[in-house]
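Reading through the C-alpha cells given below for one structure.
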Amino acid sequence: MTRVSLIEALRAGGGLLASELRPPRAELDSREGMDAWIDMYHAIRTLTRQDVAVFLTDGAVGTQEENNLRHLVNNLGPDVPHERVVPFLTSKHSLDFCLSYAEQTWQHGFEALVVLGGDKTVGRPRCVPHAWELRREIRAREPRLALGGWANPYADPVEQADYISDDRFTAEFYLTQIVSHLNLGPVARFVEETRRRGLDRIPGVFGVFHYRSANPRTLAALGHFLPVPAEGLAAEFAGGATPVDVCARTLRAMMDLGVR
C-alpha cells in the first residue's frame with residue numbers, strides 16, 4: 001500500500017481512519033513509564049503500517065504527561081512514517097516552549113501539528129487566551145507546518161462555522177469533540193452548516209470514542225471531558241451490543257451523513 005501523509009489524505013477527500021493515543025503520565029516511575037512507552041511505540045508502528053494516522057495528545061485531561069515529541073523522536077525509528085503521526089500541542093506551556101516544539105516537529109519529519117487551547121479549569125495556565133493565537137504565532141515561525149484546530153459539533157453550528165471560516169482560525173484541518181450515533185442531531189446540523197458555507201476546503205476529523213462498557217462510574221468520569229450518552233450506551237450494552245458494535249454504529253451513522 002502506498003503511504004500518504006495525513007494532509008494528502010485529507011485533501012484528497014477520500015476516507016480517512018485515524019487513532020488518538022494518550023502518552024503515559026509523567027508521574028509513572030521509570031520502569032512503568034518505560035513499559036508504557038514501549039507499548040505506545042508498538043501501537044504506533046502497528047497502526048501506521050496499516051496506513052492509519054495517529055494523533056498523540058498533550059495534557060488531554062489536565063494531568064502532566066511526558067513530552068510526546070521528545071519520546072517520538074528518540075524512539076520511533078526510521079521504519080515508522082512520521083508523516084502519518086501528528087502530535088498535539090496545547091497552550092498550557094510557555095510560548096517559547098510552544099514555538100520551539102513546533103520548529104522541532106517540522107525538523108524531525110512530522111508534517112502536521114494539532115494546536116489546542118487546553119482545559120482552563122485544571123493544570124497550568126495557557127500562554128495565550130485562545131488556540132488560534134498560538135497557531136498564528138507558530139505559522140509565523142514555521143509556515144511549512146500544517147496546523148490543526150478544533151470544533152465542537154454539539155455547540156451552536158452557526159457559531160462554530162463562523163469560527164472555522166474566520167481568517168484567524170489559522171488551520172488546514174480541525175478535529176472535533178467526540179460524537180455518537182446516540183446523539184446525532186446536533187452533529188447533522190453542524191455538518192449541514194459547514195457544507196452550506198462551503199467549508200469543505202477545511203476538512204474535519206470527527207472523534208469517535210471506543211466505549212468498552214457502560215460502567216456508570218467510568219461514564220461519569222468521562223463525562224467531565226466529553227459528552228457521554230450514558231443512558232443510550234447502557235441500553236445498547238444491555239441489549240447485547242459489543243464495544244465494537246457500538247463504535248461501528250457511530251462510524252456508520254457518520255458515513256450516512258457523508259463523512260468519510
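The values are calculated or read from the model by the stated rules, or taken from the named source; none is laboratory data. Since this is a predicted model, take the numbers as computed values, not measurements. Glycine gets a Cβ as well: all are built from the backbone with ideal geometry, and neighbour counts include every protein chain shown.
Below, the figures for the structure above:
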| item | result |
| --- | --- |
| Residue among F97, F110, F55 that is under 26 Å from R201 (Cα atoms), modelled with pLDDT of 85 or more and not in a loop (DSSP other than H, G, I, E, B) | F55 |
| All positions within the range 161-193 that are hydrophobic (A, V, I, L, M, F, W, C) and under 18 Å from L251 (Cβ atoms) | L175, I178, V179, L182, L184, V187, A188, F190, V191 |
| Filtered residue count, the range 205-244, keeping only those that are in a loop (DSSP other than H, G, I, E, B), touching a residue at least 60 places away in the same chain (Cβ under 8 Å) and touching a Phe, Trp or Tyr at 6+ places or on another chain (Cβ under 9 Å) | 1 |
| Residues of the range 139-162 that turn out to be in contact (Cβ under 8 Å) with a residue 12 or more places away in the chain, outside any strand (DSSP E or B) and within 25 Å of A12 (Cβ to Cβ), as a count | 7 |
| Only listed residue being under 20 Å from the mean Cα position of the chain (by Cα), under 30 Å from R135 (Cα atoms), surrounded by 13 or more Cβ atoms within 10 Å (Cβ to Cβ) and modelled with pLDDT under 95, chosen from V259, V179 | V259 |
| Residues that are assigned to a helix (DSSP H, G or I), in contact (Cβ under 8 Å) with a residue 12 or more places away in the chain and of a type in the set (D, E), drawn from the range 165-199 | E192, E193 |
| Enumeration of residues in the range 72-91 that are farther than 25 Å from E8 by Cβ and surrounded by 22 or more Cβ atoms within 10 Å (Cβ to Cβ) | T90, S91 |
| Boolean, N75 is without any contact (Cβ under 8 Å) to a residue 60 or more places away in the chain, polar (S, T, N, Q), under 21 Å from S19 (Cα atoms) and touching a strand residue (DSSP E or B) at 6+ places or on another chain (Cβ under 9 Å) | no |
| Selection count, the range 113-136, where residues are of a type in the set (D, E, K, R), surrounded by fewer than 19 Cβ atoms within 10 Å (Cβ to Cβ) and at pLDDT 95 or above | 2 |
| Residue within the range 137-157 that is among the aromatic types (F, W, Y), within 28 Å of L199 (Cα to Cα), modelled with pLDDT of 95 or more and touching a Lys or Arg at 6+ places or on another chain (Cβ under 6 Å) present | no |
| Residues (loosely packed, with under 12 Cβ neighbours inside 10 Å and farther than 14 Å from A151 by Cβ) located in the range 187-200 | R196, G198 |
